[in-house]
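K.L.:
One structure, as structure tokens, below. Some questions next.
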Amino acid sequence: MQEIQKIDLNIIGQKELYEQIHAQKQLFIDLFTDIANEFPQSLLKSFTTDSKGTKISQGNNLNGTPYQVLDLIRNFNPDTGFNIRVLNWWGYGLYVILHLGHERINISKLENFFEKDKYYLGKGNGSFDYRGHFLNFIKINSENIKNHPKKNQNLVIFKKIAWNTKEDIDKDCQAAIINILDLLK
């Protein structure tokens, strides 16, 4: 990101711009709330007893841009973790992300499960290096999963969801979440 040396009144004086940004952020928080309500803790516990439920958060600086997050299950342990994250990252995209601990990796199940539905294996420099994961990704197959070099971080598998209507995003995210939860069966 370029360092700015001059105050730009054309940007900071745009009250309407910030009202629109706030409205868009709230739209995604409301959308994520609707999605979370479809996956209550009782349902998540039926898939894995270590579920901590759902959590929605947001911020203004993920590599310089705002973001909203919905987490389901919320176990990020590098060995036993299983977390489903929906990330709306301004300027980058909307993603459904699986953080998977190494003890939970079943290569043939993962390969068969995700190969047909445009999921990718992220190759970032840490579990939360999303820019690295989304720019340096590879196809999911048994060789790539076996060769995942980072034993101290979760395996990061993701699918990009099209920014579309609120209804389509809701449907696409829920379908991806259900697809991922089926891994726990």
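K.L.:
Of the residues LEU87, LEU62, only one is of a type outside the set (Lys, Arg) and either under 15 Å from VAL156 (Cα atoms) or touching a Ser or Thr at 6+ places or on another chain (Cβ under 7 Å) (or both); which?
P.N.:
One residue alone meets the criteria, LEU87.
K.L.:
I've got another one for you. Inside the range 49-77, can you point out the residues that are of a type in the set (D, E, K, R) and either touching a Cys at 6+ places or on another chain (Cβ under 7 Å) or within 14 Å of LEU98 (Cβ to Cβ) (or both)?
P.N.:
Those that are of a type in the set (D, E, K, R) and either touching a Cys at 6+ places or on another chain (Cβ under 7 Å) or within 14 Å of LEU98 (Cβ to Cβ) (or both): ASP71, ARG74.
K.L.:
Which residues, counting only those in the range 141-185, are of a type in the set (Asp, Glu), surrounded by fewer than 13 Cβ atoms within 10 Å (Cβ to Cβ) and either in contact (Cβ under 8 Å) with a residue 60 or more places away in the chain or touching a His at 6+ places or on another chain (Cβ under 7 Å) (or both)?
P.N.:
Result: ASP182, single match.
K.L.:
Restricting to the range 56-67, and then to whatever is free of Cβ contacts under 8 Å to residues at least 40 places away in the same chain and surrounded by 15 or more Cβ atoms within 10 Å (Cβ to Cβ), can you tell me which residue is farthest from ILE29 (Cα to Cα)? Write out each step before concluding.
P.N.:
Narrowing the range 56-67 to residues free of Cβ contacts under 8 Å to residues at least 40 places away in the same chain: 56-61, 65, 67.
The next check asks that each one be surrounded by 15 or more Cβ atoms within 10 Å (Cβ to Cβ); those that pass are 56, 58, 67.
Working: ILE56: 7, GLN58: 8, TYR67: 10 Å.
Restricting to residues being free of Cβ contacts under 8 Å to residues at least 40 places away in the same chain and surrounded by 15 or more Cβ atoms within 10 Å (Cβ to Cβ), the top hit is TYR67.
K.L.:
Further, regarding this structure: Do we have ILE84 as touching a residue at least 24 places away in the same chain (Cβ under 8 Å), closer than 27 Å to ASP168 by Cα, in a helix (DSSP H, G or I) and within 18 Å of the chain's Cα centre (by Cα) here?
P.N.:
On the way: touching a residue at least 24 places away in the same chain (Cβ under 8 Å): yes; closer than 27 Å to ASP168 by Cα: yes; in a helix (DSSP H, G or I): no; within 18 Å of the chain's Cα centre (by Cα): yes.
Answer is no for this residue.
K.L.:
To continue, here is another question. Which one of GLY101, GLY59 is small (Gly, Ala, Ser), on the phi < 0 side of the Ramachandran plot, under 16 Å from the mean Cα position of the chain (by Cα) and at pLDDT below 90?
P.N.:
GLY101
K.L.:
For a quick check of your reading of the model, give me the residue pairs whose first member lies in the range 16-29 and is touching a residue at least 40 places away in the same chain (Cβ under 8 Å) and farther than 17 Å from ASN61 by Cβ, whose second is of a type outside the set (Gly, Ala, Ser) and loosely packed, with under 14 Cβ neighbours inside 10 Å, with beta-carbon atoms closer than 8 Å and at least 6 apart or on different chains.
P.N.:
Close Cβ pairs (under 8 Å, with a partner that is of a type outside the set (Gly, Ala, Ser) and loosely packed, with under 14 Cβ neighbours inside 10 Å) amount to LEU27/LYS166.
K.L.:
Answer yes or no as to whether GLY53 is in contact with a Pro (Cβ under 9 Å, 6 or more places away or on another chain) and at positive phi.
P.N.:
Spelling it out, GLY53 is indeed in contact with a Pro (Cβ under 9 Å, 6 or more places away or on another chain) and at positive phi.
K.L.:
Next question, about the same structure. Check the range 4-15 and report whether any residue there is under 25 Å from ALA162 (Cβ atoms) and modelled with pLDDT under 95. Show your work before the answer.
P.N.:
Pass one, the range 4-15, residues under 25 Å from ALA162 (Cβ atoms): none.
No, that holds for no residue.
K.L.:
Which one is modelled with the lowest pLDDT, of the residues in the range 120-140 that are surrounded by 15 or more Cβ atoms within 10 Å (Cβ to Cβ) and in contact with a helix residue (DSSP H, G or I) (Cβ under 6 Å, 6 or more places away or on another chain)?
P.N.:
ILE140
The values are calculated or read from the model by the stated rules, or taken from the named source; none is laboratory data. Just so we're clear, the structure is a prediction, and the values are computed from it rather than from any experiment. Here Cβ is always computed from backbone atoms with ideal geometry, including for glycine, and neighbour counts include all displayed protein chains.
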